[in-house]
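The values are calculated or read from the model by the stated rules, or taken from the named source; none is laboratory data. Since we're looking at a predicted model, the values are computed, not measured. Note that we place each Cβ from the backbone using ideal geometry, even for glycine, and neighbour counts take in every protein chain shown.
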Amino acid sequence: MEKFTSHTGTALPLRRSNVDTDQIIPAVYLKRVTRTGFEDGLFAAWRNDPDFVANKPEYAGVSILVAGPDFGTGSSREHAVWALMDYGFKVVLSSRFADIFRGNSGKAGLLSVPVEQDVIEQLWAAIEDDPTTRITVDLEARTVTCGDLVAPFQIDDYTRWRLLNGLDDIGITLGNEADIAAFEATRPSFKPVTQ
Amino acid sequence: MGRTLAEKVWDEHVVRSTPGEPDLLYIDLHLIHEVTSPQAFDGLRLAGRPVRRPDLTLATEDHNVPTLDWDKPIADPVSRTQVETLRKNAAEFGVRLHPLGDLDQGIVHVVGPQLGLTQPGMTIVCGDSHTSTHGAFGAIAFGIGTSEVEHVLATQTLMQAKPRTMAVTVNGTLPEGVTAKDLILYLIAQTGTGGGQGYIVEYRGEAIEQLSMEGRMTVCNMSIEWGAKAGMIAPDQTTFDYIEGKPEAPKGAEWDAAVAHWKSLRTDDDATFDKEIVIDAGDVTPFVTWGTNPGQGVPLGAHVPSPDDFEDATDKVACEKALAYMGLEAGTPMREVKVDTVFVGSCTNGRIEDLRLAAEVIKGHKVAEGTRLLVVPGSVRVRLQAEEEGLDVVFKEAGGEWRGAGCSMCLGMNPDTLDPQERSASTSNRNFEGRQGKGGRTHLVSVPVAAATAVKGTLASPADLV
Ligand code: SF4
């Protein structure tokens, strides 16, 4: 997992609330056997509409999603996070996230940033007015900055630590490699092996 | 203070313990199959991580392999991709795989025990909920999700909060003709599908000690159906006799050391459980489900219940919905329910003992007109053993179909599915809506009931055949 300290980029205004994981990525994409390549499934149903905001050329290359409240509700599929990351998003901003989605995103390295709805409204206005507007999300300082706007956000220390250090669950466990090796050395020899 | 069996096995596997955090638990055996492993391997590849202990990992193909024409390429593209991906991953990461056509291919929970890899006192995980089956040997065994599969592949450990413990004591002896399957269906009907939520359950008492290993596996297998994290049974002479001589069982001095250790794996007399349930084996009769969850069961001699039989409002609604889905009328005797397909197989009841029992009932009879009998051995070894004993001939002469090994109609990921509204009597473990095929209607039953039903065409027990 990549380290996340601060990110600056352009943003996509998604003026919708209750975007559930089925809308983020429909179930048919779950049959795949890979961990990457889910960008084509992201918002698949909406992207059929040429007027959908993500289809507008001025929003190509965005890396920050500014979404309405209650983002990521529904099934616990981790594919929702993978699809957002594969598409190029590093950060999602919303006034409220579904718990499981927020947990999954922190584990995979996508930063979910909760900010007040009026901040979201100001960001929407700014990026719709000028799609080249750049937003900075600083995890160290816990702030979102856009022009004169500086909004603080909350994130639990553990998730922040993981993201700052680029540690996934496996990375953290491998940090205890000495303990694992010591345990292995004490395993009885009658325990079975497969090869 | 004394410790329970589960606590002893747990404590032996704690790599690291920090107050307020889950324990880091060492995993002795990691079983994998084609459905829940592809993304885990892909995750390793992306991060450039190896499998830490390929020698503690075993893969088989089971969930969506065909049970006919298994020597030909798999027709369904999604199934084929998953199977091919598993083969590629196993080769790349050095994992032992038993693919279609191999002597040890089969349902992962049948293969582990028959190879002798499942042993007392182990921790065993697999990306499949019925991993609880292996608890029959006195192992802590449970299902995990795909990201946990990746975690185990990379580290051979899992972060786990210690579950609570429960004892289910079954006193007395099961009546003649009543099986382990009836016992577990009875227990789930008594406690509801959430009765075991959050617990590692230890099954104990006279009736459990009298069960064969196959019967014990059936009981532990369905622990998941009443919500338990895992099921366990203390190892005893029956367990040791089953393991001894199996290909991967310890040999010589190692065997003696192992048995000496296994004998210590019993709940201490002064240990306490967080919860205890006591049942009388004499109360258990052949049990069948009428609804769409495994807790909706009644004795075979009873009637389809009515929503009015339930006091709780949610139960009433659940009953109404289930009856509508199942196409059943309240008050109908279960014995009058006509069955289209009988499925004998799955990790619950697809072992050699199960097939012997089925053949014993069917021998000398014919499958009823309008009913189909599908017999699917749990593994290739079970199939070959059955053929050696002539069981396949019994099924075929009766008009049944004898198939290759796999999960098959247990979950209908391969071509063995029910049609909409088709009704089955199934020895598997889940009767959820659509589990065996879209719109299919499943009655969970024991092996003798399945076999007798195939002959009668309606739900029946062997006693009804004379
Ligand atoms: S037989 Fe059924 S329950 Fe058992 S592993 Fe296969 S699909 Fe799962």
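Does A:Glu2 satisfy the criteria of being modelled with pLDDT of 90 or more and among the acidic types (Asp, Glu)?
No.
How do the helices (runs of 4 or more DSSP H) wholly within the range B:246-353 filter down when requiring 3 or more residues that are surrounded by fewer than 16 Cβ atoms within 10 Å (Cβ to Cβ) and away from the ligand (no atom under 16 Å from the Cβ): which remain?
Fully inside the range B:246-353 and qualifying: B:252-262, B:313-326.
Among the listed residues A:Ala67, A:Ala60, identify the single one that is of a type in the set (A, V, I, L, M, F, W, C) and free of Cβ contacts under 8 Å to residues at least 40 places away in the same chain.
Checking each option against the conditions leaves just A:Ala60.
What do you reckon, is A:Val91 of a type outside the set (D, E, K, R) and either within 14 Å of chain B (Cβ to nearest Cβ) or within 15 Å of the chain's Cα centre (by Cα) (or both)?
It is true that A:Val91 is of a type outside the set (D, E, K, R) and either within 14 Å of chain B (Cβ to nearest Cβ) or within 15 Å of the chain's Cα centre (by Cα) (or both).
Matching residues to (1) closer than 15 Å to B:Gly121 by Cα; (2) more than 14 Å from chain A (Cβ to nearest Cβ); (3) not β-branched (Val, Ile, Thr):
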site	(1), (2), (3)
B:Phe240	yes, no, yes
B:Pro247	no, no, yes
B:Arg266	yes, yes, yes
B:Ala271	no, yes, yes
B:Ala281	no, yes, yes
B:Thr285	no, yes, no
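Kindly indicate the residue of the range A:137-172 that is touching a residue at least 60 places away in the same chain (Cβ under 8 Å), within 28 Å of B:Glu148 (Cβ to Cβ) and among the acidic types (Asp, Glu) and also farthest from the other protein chains (Cβ to nearest Cβ) among those meeting that condition.
That would be A:Asp168.
Residue by residue, here is whether (1) away from every other protein chain (no Cβ under 11 Å); (2) at positive phi; (3) out of contact with any strand residue (DSSP E or B) (no Cβ under 8 Å at 6 or more places or on another chain); (4) within 16 Å of the ligand (Cβ to nearest atom) holds:
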site	(1), (2), (3), (4)
B:Leu29	no, no, no, yes
B:Gln39	no, no, yes, no
B:Arg49	no, no, yes, no
B:Arg87	yes, no, no, no
B:Gln114	yes, no, no, yes
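Give me the residue from the range A:55-66 that is within 14 Å of the chain's Cα centre (by Cα) and in a loop (DSSP other than H, G, I, E, B) and, out of that set, farthest from the other protein chains (Cβ to nearest Cβ).
A:Val62
Condition check: more than 20 Å from B:Glu148 (Cα to Cα) and either without any contact (Cβ under 8 Å) to a residue 12 or more places away in the chain or away from the ligand (no atom under 14 Å from the Cβ) (or both). Does B:Gly94 satisfy that?
No.
Please enumerate the residues belonging to the range A:111-136 that are more than 18 Å from A:Pro69 (Cβ to Cβ) and free of Cβ contacts under 8 Å to residues at least 40 places away in the same chain.
Residues satisfying the conditions are A:Ala126, A:Asp129, A:Asp130.
Please identify the pairs in which a residue from the range A:22-41 that is in a helix (DSSP H, G or I) has its Cβ atom under 6 Å from the Cβ atom of a residue that is surrounded by fewer than 15 Cβ atoms within 10 Å (Cβ to Cβ), counting only partners at least 6 apart or on another chain.
Close Cβ pairs (under 6 Å, with a partner that is surrounded by fewer than 15 Cβ atoms within 10 Å (Cβ to Cβ)) amount to A:Lys31/B:Val78.
Got a number for residues in the range B:54-69 being away from the ligand (no atom under 16 Å from the Cβ), part of a loop (DSSP other than H, G, I, E, B) and not acidic (Asp, Glu)?
Number of matching residues: 1.
On the given criteria, is A:Pro69 over 18 Å from the mean Cα position of the chain (by Cα) and assigned to a loop (DSSP other than H, G, I, E, B)?
No, not satisfied.
Got a sec? Which of B:Ile144, B:Ile107 is of a type in the set (A, V, I, L, M) and within 30 Å of A:Lys107 (Cα to Cα)?
B:Ile144
Of all the residues that make up the range B:391-424, how many are under 18 Å from the mean Cα position of the chain (by Cα) and hydrophobic (A, V, I, L, M, F, W, C)?
Here the count works out to 6.
State whether the residues of the range A:173-195 include one that is more than 8 Å from chain B (Cβ to nearest Cβ), out of contact with any strand residue (DSSP E or B) (no Cβ under 7 Å at 6 or more places or on another chain) and crowded, with 18+ Cβ neighbours inside 10 Å.
The answer is no; no qualifying residue exists.
Scanning the range A:109-121 for residues that are outside any strand (DSSP E or B) and buried (at least 18 other Cβ atoms within 10 Å of the Cβ), which turns out nearest to the chain's Cα centre (by Cα)?
A:Leu110
Select from the range B:354-378 the residues that are assigned to a loop (DSSP other than H, G, I, E, B) and without any contact (Cβ under 8 Å) to a residue 60 or more places away in the chain and write down the one among them that is nearest to the ligand (Cβ to nearest atom).
B:Lys363
Those residues that are free of Cβ contacts under 8 Å to residues at least 12 places away in the same chain and surrounded by 19 or more Cβ atoms within 10 Å (Cβ to Cβ), I need them from the range B:54-71; list them, please.
Those that are free of Cβ contacts under 8 Å to residues at least 12 places away in the same chain and surrounded by 19 or more Cβ atoms within 10 Å (Cβ to Cβ): none in the range B:54-71.
Filter the range B:126-140 down to residues that are within 16 Å of the ligand (Cβ to nearest atom) and within 14 Å of chain A (Cβ to nearest Cβ), then give me how many there are.
Counting residues in the range B:126-140 that are within 16 Å of the ligand (Cβ to nearest atom) and within 14 Å of chain A (Cβ to nearest Cβ) gives 3.
Quick check on B:Val394: is it of a type in the set (A, V, I, L, M) and without any contact (Cβ under 8 Å) to a residue 12 or more places away in the chain?
No; evaluated as a whole, the condition is false for this residue.
Kindly list the number of the only condition in (1) within 12 Å of another protein chain (Cβ to nearest Cβ); (2) away from the ligand (no atom under 16 Å from the Cβ); (3) in contact with a Leu (Cβ under 8 Å, 6 or more places away or on another chain) that fails for B:Leu103.
Answer for B:Leu103: the failing condition is (1).
Write out, first by first residue and then by second, each pair whose Cβ atoms fall under 6 Å of each other, whose residues are 6+ apart or on separate chains, and whose first residue, in the range B:434-462, is within 15 Å of B:Gly297 (Cβ to Cβ) while the second is acidic (Asp, Glu).
Going by the 6 Å Cβ cut-off, the qualifying pairs are B:Ser446/B:Asp182.
What pairs come out if I take residues in the range B:128-150 that are without any contact (Cβ under 8 Å) to a residue 60 or more places away in the chain and pair them with residues that are within 15 Å of the ligand (Cβ to nearest atom) whose C-beta lies under 6 Å away, six or more apart or interchain?
B:Ile144/B:Val125; B:Ile144/B:Gly127
Does the range B:116-125 hold any residues that are away from the ligand (no atom under 14 Å from the Cβ) and of a type in the set (A, V, I, L, M, F, W, C), and which are they?
Across the range B:116-125, the qualifying residues are B:Leu117, B:Met122.
Scan (1) of a type in the set (Phe, Trp, Tyr); (2) under 14 Å from the mean Cα position of the chain (by Cα); (3) loosely packed, with under 15 Cβ neighbours inside 10 Å for the single condition A:Phe52 breaks and write down its number.
Condition not satisfied by A:Phe52: (2).
Which condition number in (1) assigned to a loop (DSSP other than H, G, I, E, B); (2) touching a Lys or Arg at 6+ places or on another chain (Cβ under 8 Å) is the one that A:Ile172 fails?
For A:Ile172, the exception is condition (1).
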